[in-house]
Amino acid sequence: MPDPVSARLQAPSRLGRTTPLQFTLLVAVGAALVFSFYDSGFSVWRFIEGLPNIWRLLTDMFPPDISRLSAVLLRLLETFQMAFVGTFVGVILSLPIAILATRTHSPNRFVYYSARTVVSFFRTIPDLIWALIFVVAVGLGPFAGTLALIVDTIGFCGRFFAEAMEEADEGPQEALRALGASRLDIIGSAVLPAAMPSMIATSLFSLEKATRSSVVLGIVGAGGIGMELEVAMNLFNYQQALTIILAIFILVLAVEQVGGKLRSRIIAGNA
Amino acid sequence: MQLHHRLQAETDMAVATHFATDHQPATIDLSVRGLTKRFGSMEILRDVSFSVAKGSVVALIGSNGAGKSTLLRCCLRLTEPDTGSVEILGTQLNGLKHSALAKTRAKVGFVFQKHNLSGRLSALSNVVHGVQSRFGGPLAWHQALAPRAVRDDAMEMLEHVGLAHRATSRADKLSGGQSQRVAIARALMQRPSIIFADEPVASLDPTAGEEVMALLISLARTRGVTVVFTTHNLRHALDYSERIIGLRAGCIAMDDRASSYSAETLRTFYA
């Protein structure tokens, strides 16, 4: 009778050997986590104690007050318009910046690193900070919010557009290079068509992101429905606040659903 | 130096005349002298020299890694040779700046093994790209933007390769044989004086391969275009070329009229 497999072969250890450096890093990360829990005041008990307050707030919110529904819907429309314009202009401006931020199509190293730095700068500063800056620059209202969304979209799309262009199939680009096409012609004829599905998907995701962001921007006076929500909460008008929250929920859900469906169609290549 | 050039020109003329079918003094379309290329420690091409007369069809054969594709690519500086010189249509390629190199490349059609079409664009748009050898800009990026004369020209090229009825089909929806025919139409759109074809039928089934090869050579002969193609198909080398150059380990190991070889002698070359 042949030996069972387990007798002939010894499986390798489940985990590789831990080096002293790996062990030190693991201990350091564990210690940082413990200190972070402590310093952030994390407490399950306090959360349980707060549950009745959440319940009270929820009961105060019902039934939703729809007396100012038309004003809320107008603000909601303004919120979507801010997101739509912010995304559209942001996507258009992202295109040239993204081309300059690709390793393969940037004219030189200096331009490449400069474009990358601009995109990183736009992305790392939160949209709320941009909104505060633009409120100071152009005053309260939706224009400040739209400008903030444009900058945020450039930071987001600039990076992902550049990555999509860098991943474009080299073959068609080489065919055009072989026939004497210019750098710009190669981008227009081979790179952009190949990167287009990814770029459209990124743009749609950006619109969803901008819709969510535009809700918050109103809190700093940069237009949109966020201003309505802030006023309602400050005046303890929780029933009206619930109406606004539900309206925001429906808008964000609708944009996500439509965006998701379009993205699936584009990725499948049916659009 | 002048003497060296004169001697070289005389040698080119003598060789090209030898291979020209009517034994009249021939014009040299391609002259390669002492071409060497290394990738790391691997020497792919070693002191390769040959010239090709205008209007002739030359087959390059050799086993995998013999340097056929690298030789074709070096002839157009798609891969930079380490040493040696290439002269195409009277223009010395060594040291040419980007724009001058593009002008020479514009006169050479390059058909790749993997077709290298922009998959998401239509067959017609891909053929329109061929016009980028003459002018660039957005008008040459897509069939919808192209001037009427260019669209008509591209349709005529598609007609020549029997694919006018698939003009609006996306390139990635075409069969391998159809894709290669579109690539040939794109090369013809350049109005080339020379066509380089790197294993143009290697990815096709035997029937499609035969059709594409016959089409490529017949279209080239009709237009008096010089063709240099690489192939592993000895039948194609014998049937479609006037001259066969055999590469072994980066060196020219055989070079004579196709009529002086039989399938058997070519097979022994691979042994």
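The values are calculated or read from the model by the stated rules, or taken from the named source; none is laboratory data. Keep in mind that this is a model prediction, so the values were computed, not measured. Using ideal geometry, Cβ is built from the backbone for each residue, glycine included, and neighbour counts are taken over all protein chains shown. Quick note on the areas: whole protein, heavy atoms, side chains included, nothing else; ligands and nucleic acids left out. Shrake-Rupley method; radii C 1.70, N 1.55, O 1.52, S 1.80 Å.
Restricting the stretch B:130-146 to residues that are more than 7 Å from chain A (Cβ to nearest Cβ) and not in a loop (DSSP other than H, G, I, E, B), the residue that is nearest to B:Arg77 (Cα to Cα) is B:Val131. Within the stretch B:168-204, being among the hydrophobic types (A, V, I, L, M, F, W, C) and surrounded by fewer than 19 Cβ atoms within 10 Å (Cβ to Cβ) holds for one residue alone: B:Ala202.
Candidates A:Gly86, A:Gly41, A:Gly30, A:Gly16: the one that is touching a residue at least 40 places away in the same chain (Cβ under 8 Å) and among the small types (Gly, Ala, Ser) is A:Gly86.
Filter the stretch A:74-94 down to residues that are surrounded by 15 or more Cβ atoms within 10 Å (Cβ to Cβ) and either touching a Leu at 6+ places or on another chain (Cβ under 6 Å) or not β-branched (Val, Ile, Thr) (or both), then give me how many there are. Reasoning before the result, please.
Taking the stretch A:74-94 as the starting set, the residues that turn out to be surrounded by 15 or more Cβ atoms within 10 Å (Cβ to Cβ) are A:75-76, A:78-91, A:93-94.
Now narrow it down to the ones that are either touching a Leu at 6+ places or on another chain (Cβ under 6 Å) or not β-branched (Val, Ile, Thr) (or both): A:75-76, A:78, A:80-84, A:86-88, A:90, A:93-94.
Residues flagged as surrounded by 15 or more Cβ atoms within 10 Å (Cβ to Cβ) and either touching a Leu at 6+ places or on another chain (Cβ under 6 Å) or not β-branched (Val, Ile, Thr) (or both) within the stretch A:74-94 amount to 14.
Just so you know, in the stretch B:103-115 the residues that are open to solvent by 20 Å² or more (accessible area, probe 1.4 Å) and farther than 19 Å from B:Arg223 by Cβ include one that is farthest from the other protein chains (Cβ to nearest Cβ), and it is B:Gln113.
Considering only the stretch B:168-185, I want to know if a residue exists there that is over 19 Å from B:Glu211 (Cβ atoms), touching a residue at least 12 places away in the same chain (Cβ under 8 Å) and away from chain A (no Cβ under 13 Å). Checking the stretch B:168-185: at least one residue is over 19 Å from B:Glu211 (Cβ atoms), touching a residue at least 12 places away in the same chain (Cβ under 8 Å) and away from chain A (no Cβ under 13 Å).
Quick one: is A:Glu78 without any contact (Cβ under 8 Å) to a residue 40 or more places away in the chain and acidic (Asp, Glu)? Break it down stepwise before answering.
Working: without any contact (Cβ under 8 Å) to a residue 40 or more places away in the chain: no; acidic (Asp, Glu): yes.
For A:Glu78, the condition - without any contact (Cβ under 8 Å) to a residue 40 or more places away in the chain and acidic (Asp, Glu) - is not met.
At least 2 residues being basic (Lys, Arg) and away from every other protein chain (no Cβ under 14 Å) is the threshold, and among the helices (runs of 4 or more DSSP H) wholly inside the stretch A:169-238 those reaching it are A:192-217.
No other residue among A:Leu262, A:Leu207, A:Leu192, A:Leu235 is touching a Gly at 6+ places or on another chain (Cβ under 8 Å) and either open to solvent by 20 Å² or more (accessible area, probe 1.4 Å) or modelled with pLDDT of 90 or more (or both) apart from A:Leu207.
Considering only residues that are buried (at least 23 other Cβ atoms within 10 Å of the Cβ) and of a type in the set (Gly, Ala, Ser), which ones fall in the stretch A:238-259? Of everything in the stretch A:238-259, just one residue is buried (at least 23 other Cβ atoms within 10 Å of the Cβ) and of a type in the set (Gly, Ala, Ser), namely A:Ala241. Considered as a group, the residues in the stretch A:95-124 that are assigned to a loop (DSSP other than H, G, I, E, B) and open to solvent by 70 Å² or more (accessible area, probe 1.4 Å) include one that is farthest from A:Met196 (Cα to Cα), and that residue is A:Asn108.
Regarding A:Gly188, is this residue more than 20 Å from A:Ala101 (Cα to Cα) and over 12 Å from the mean Cα position of the chain (by Cα)?
Numbers: more than 20 Å from A:Ala101 (Cα to Cα): no; over 12 Å from the mean Cα position of the chain (by Cα): yes.
Considered against the rule, which asks whether it is more than 20 Å from A:Ala101 (Cα to Cα) and over 12 Å from the mean Cα position of the chain (by Cα), A:Gly188 comes out as no.
Looking only at the stretch B:238-258, residues that are without any contact (Cβ under 8 Å) to a residue 40 or more places away in the chain and either open to solvent by less than 10 Å² (accessible area, probe 1.4 Å) or more than 11 Å from B:Ile61 (Cβ to Cβ) (or both) come to 2 in all. Cβ separations smaller than 7 Å between residues 6+ apart or across chains give the following pairs from the stretch B:259-271 residues that are touching a residue at least 12 places away in the same chain (Cβ under 8 Å) to residues that are open to solvent by 100 Å² or more (accessible area, probe 1.4 Å) and of a type outside the set (Val, Ile, Thr): B:Ala263/B:Arg235.
Candidates in the stretch B:221-237 are the residues that are over 18 Å from B:Ala53 (Cα atoms) and more than 14 Å from the chain's Cα centre (by Cα); of these, the one that is least open to solvent (accessible area, probe 1.4 Å) is B:His236.
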